[in-house]
1. Can you find a residue that is open to solvent by less than 50 Å² (accessible area, probe 1.4 Å), out of contact with any strand residue (DSSP E or B) (no Cβ under 7 Å at 6 or more places or on another chain) and closer than 20 Å to Val99 by Cα anywhere in region 195-215?
2. Name the residue that is nearest to Pro132 (Cα to Cα), counting only residues in region 62-111 that are open to solvent by 20 Å² or more (accessible area, probe 1.4 Å) and touching a Gly at 6+ places or on another chain (Cβ under 6 Å).
3. Would you say Leu142 is more than 20 Å from the chain's Cα centre (by Cα) and in contact (Cβ under 8 Å) with a residue 40 or more places away in the chain?
4. Pull out all pairs, ordered by first then second residue, where Cβ-Cβ is under 6 Å, the residues are six or more apart or on different chains, the first lies in region 232-247 and is closer than 16 Å to Tyr269 by Cα, and the second is of a type outside the set (Lys, Arg) and open to solvent by 30 Å² or more (accessible area, probe 1.4 Å).
5. Out of Val129, Val138, which single residue is in contact with a helix residue (DSSP H, G or I) (Cβ under 6 Å, 6 or more places away or on another chain), assigned to a helix (DSSP H, G or I) and surrounded by 16 or more Cβ atoms within 10 Å (Cβ to Cβ)?
6. Got a sec? Which helices (runs of 4 or more DSSP H) wholly within region 207-315 have at least 3 residues that are within 18 Å of the chain's Cα centre (by Cα)?
7. Could you give every pair whose Cβ atoms fall below 6 Å, whose first residue belongs to region 251-265 and is more than 9 Å from Gly175 (Cβ to Cβ), and whose second residue is aliphatic (A, V, I, L, M) and surrounded by fewer than 18 Cβ atoms within 10 Å (Cβ to Cβ), counting only separations of at least 6 or pairs across chains?
8. Looking at Ile73, is it within 24 Å of Val292 (Cβ to Cβ), more than 29 Å from the chain's Cα centre (by Cα) and among the aliphatic types (A, V, I, L, M)?
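The values are calculated or read from the model by the stated rules, or taken from the named source; none is laboratory data. Values in this document were obtained by computation on a predicted structure and should not be read as measured data. FYI the Cβ positions are ideal-geometry reconstructions off the backbone, even for glycines, and counts take in every protein chain you see. These area figures cover heavy atoms from the full protein model, side chains too; ligands, DNA and RNA do not enter into them. Shrake-Rupley method; radii C 1.70, N 1.55, O 1.52, S 1.80 Å.
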Amino acid sequence: MTSDTVRAAPRPTAGTVPDKAPPRRRRLGDLPIAIVFVLPAAIGFAVFYVWPAVRGAYLSLTKYNVLTPPRFIGLENYRQLFGDHLFWNALKVTAEYVVLNIGAQTVISMVLAVLLHRLTRSMVVRGIVLLPYLVANVVVALVWFWMLDFQLGVVNQVIEWLGFDRVAFFGADLGIATIAMINTWRHMGYTALLIFAGLLMIPPSVYEAAAIDGASEWRTFWRVTLPLLRPVMALVMVLSVIGSFQVFDTVAVTTGGGPINATRVIYFYIYDMAFNRFNFGYAAALSSVLFVLLAGIAYLQLRLSRAGESDLKGA
């Protein structure tokens, strides 16, 4: 074969990209397998989330007490709700609990996460920090209720032994703060580990650059760590706020909403309307309003915190 019969293949010129035509039709070979894996979760979501939500929205427009069929009454339940002083009191009490619980839980969890990140990353220590979260909420509430009882609680016995008056931890003045303290103790380990996971995502080179610039530990925390933790903290705050609005177990086990409605949070009020007074239509209206409220709060949190953005891209 001579050189005249050999033709060199044309070489792509600089700046050009070889043509790679995308497939005209997407391959669907794995779709049946994907449907098989997704279908159980989709069915469970539809049965246990979508259908109850639709059913609850319908019941909120009815008068229903289980013993008789639902009777459609339109927006009457919502008109009654806006004039219900017990509803507004429950909402106020819940807001007080959320502020106390989120404030204490966020600060303590942040301190724990930073200590875990700087001092030790032992799995044993992380397990100890998470241990309170693994205990059932009812058990935690009962143990703290016995410890803080006014008459027989060991905490009040120690206070009296020290020469001070006994403290009514579950009274009208301190009841909601005590419940917030109990749930802070239970959830702070879980929240700390979420923040700790966010700290692990921050490159060490960022801290090295801050140290070279002469930044102190405190300045590095405020100027470097917190901004880079924004997406994680947005998630933590949304989960914590929604979970705080849903507090029920601790109130039901300890105070039962008393004394004088001082600890009657919104979830306990919904439960009382549905299962004690059998006013399921009104309870469904309360639940619908709470759902809209939580959805709005979560949306505002995500927008204001810019949860979809991360400063790590420029780090």
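1. For region 195-215, residues open to solvent by less than 50 Å² (accessible area, probe 1.4 Å), out of contact with any strand residue (DSSP E or B) (no Cβ under 7 Å at 6 or more places or on another chain) and closer than 20 Å to Val99 by Cα: present.
2. Tyr64
3. For Leu142, the condition - more than 20 Å from the chain's Cα centre (by Cα) and in contact (Cβ under 8 Å) with a residue 40 or more places away in the chain - is met.
4. Gln246/Tyr267
5. It is Val129.
6. 230-245, 280-305
7. That search, which allows pairs on different chains as well, returns Val253/Val138; Val253/Leu142; Ile260/Ala172.
8. For Ile73, the condition - within 24 Å of Val292 (Cβ to Cβ), more than 29 Å from the chain's Cα centre (by Cα) and among the aliphatic types (A, V, I, L, M) - is met.
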